[in-house]
Amino acid sequence: MSYKTLLAVLQGKHEAERVLDCALPLATRFDAHLIGVHAEAIPLPYVTPMGFPDTDFIATSSEINEKRSGEIQALFEARAAREGVSHEWQAMQNVSGDSAVSALTAARTSDLVIAQQTDPDGEAGSSANLEALLFESGRPVLFVPYAMPVSSGFKKVLVAWNGTQQAARATFDALPFIVAAEQTEILSIDAPDNSMQDAAVAGADIATALSRHGANVTVASQASGGIGAAEAIENRISETGADLLVMGAYSQSWLKEFFFGGATRSLLQSMPVATLMAR
């Protein structure tokens, strides 16, 4: 298995640089075709005090949007050409100017989507709806942290495993990275200990399956100690020196998630290393 079609979601110029720093080496490594997607907002009609559409405002907004899109396209095409990567550019428009939303159609026909984690201190309009991309594309998404350097070599992989459909999907979607890594750890947190399963070896079956592909896999099981799954995973990343986290994307009931959040959302916000999620 290999990734042959990669999709880079390029929301802004700064984000584009970081996403391409990860996406281009991966395209070279897998001899993959790279698609760059960027969206701009459709200029909304502005009415003057006299009640007439302000055509100058609309024209100016369009010019600004076209210039920004052109700059990102030039950056993408220049870097892809320099690396000798097969590539194509898709410029789009939508009401919000959200590149993640516009990328959904292309994402569904891609092997892997690459996007930057949302920077809370980024420029206005730079945020993309990453949760929509994750939950609605049906494809694995590799998130690049906004504040951490990322090497796409991924020597140590940490798989957050709980035996669910989402965890299985993410693990096998990450198989090209897992097989190539020097080491992969299957981490189970608060695994049930009962007649059906020994908590100490909760990830043994998936480890065995991955080892048949030639992966170097170990198993770890630990209790969260009441600190929450996301924090426990982050602590393990720090302890092991993992440079790629693989986990399923989970959505609790909207009411519960509104009040308490969830591991998926917490890790999307903190994200200490590159993170591959799948739904």
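The values are calculated or read from the model by the stated rules, or taken from the named source; none is laboratory data. Since we're looking at a predicted model, the values are computed, not measured. Quick reminder, even Gly has a Cβ in these numbers, built from the backbone with ideal geometry, and neighbours come from all protein chains shown.
So, LEU267, is that one among the aliphatic types (A, V, I, L, M), buried (at least 20 other Cβ atoms within 10 Å of the Cβ), at pLDDT 90 or above and in the same structural domain as GLY203 (by TED's automatic domain parsing) or not?
On the way: among the aliphatic types (A, V, I, L, M): yes; buried (at least 20 other Cβ atoms within 10 Å of the Cβ): yes; at pLDDT 90 or above: no; in the same structural domain as GLY203 (by TED's automatic domain parsing): yes.
Judged against the criteria, LEU267 is not a match.
Given the residues ALA8, ALA39, which is the only one that is in a strand (DSSP E or B), at pLDDT 95 or above and over 26 Å from LEU210 (Cα atoms)?
Details: ALA39 fails: at pLDDT 95 or above.
Sole residue among the options that is in a strand (DSSP E or B), at pLDDT 95 or above and over 26 Å from LEU210 (Cα atoms): ALA8.
For region 169-184, the count of residues that are assigned to a strand (DSSP E or B) and assigned by TED's automatic domain parsing to the domain that holds LEU24 is zero. Among the candidates ALA106, ALA100, ALA147, ALA128, single out the residue that is on the phi < 0 side of the Ramachandran plot, without any contact (Cβ under 8 Å) to a residue 60 or more places away in the chain and not assigned by TED's automatic domain parsing to the domain that holds GLY241. ALA147 is the lone residue from the list that is on the phi < 0 side of the Ramachandran plot, without any contact (Cβ under 8 Å) to a residue 60 or more places away in the chain and not assigned by TED's automatic domain parsing to the domain that holds GLY241. Considering every residue within region 13-20, establish whether at least one is modelled with pLDDT of 95 or more, on the phi < 0 side of the Ramachandran plot and of a type outside the set (A, V, I, L, M). Among the residues of region 13-20, not one is modelled with pLDDT of 95 or more, on the phi < 0 side of the Ramachandran plot and of a type outside the set (A, V, I, L, M), which makes the answer no. Checking each residue in region 80-103 for being in a helix (DSSP H, G or I) and at pLDDT 95 or above picks out ALA80, ALA81, ARG82, GLU83.
Among THR171, THR218, THR184, which is the only one that is modelled with pLDDT of 95 or more, over 23 Å from GLU136 (Cβ atoms) and surrounded by 15 or more Cβ atoms within 10 Å (Cβ to Cβ)?
Values: THR171 fails: over 23 Å from GLU136 (Cβ atoms); THR218 fails: surrounded by 15 or more Cβ atoms within 10 Å (Cβ to Cβ).
Matching residue, one of THR171, THR218, THR184: THR184.
The single condition from (1) buried (at least 17 other Cβ atoms within 10 Å of the Cβ); (2) at pLDDT 95 or above; (3) more than 15 Å from LYS4 (Cβ to Cβ) that GLU77 fails is (1). Being part of a helix (DSSP H, G or I), more than 29 Å from GLN183 (Cα to Cα) and among the hydroxyl-bearing types (Ser, Thr, Tyr) is a property that SER69 has.
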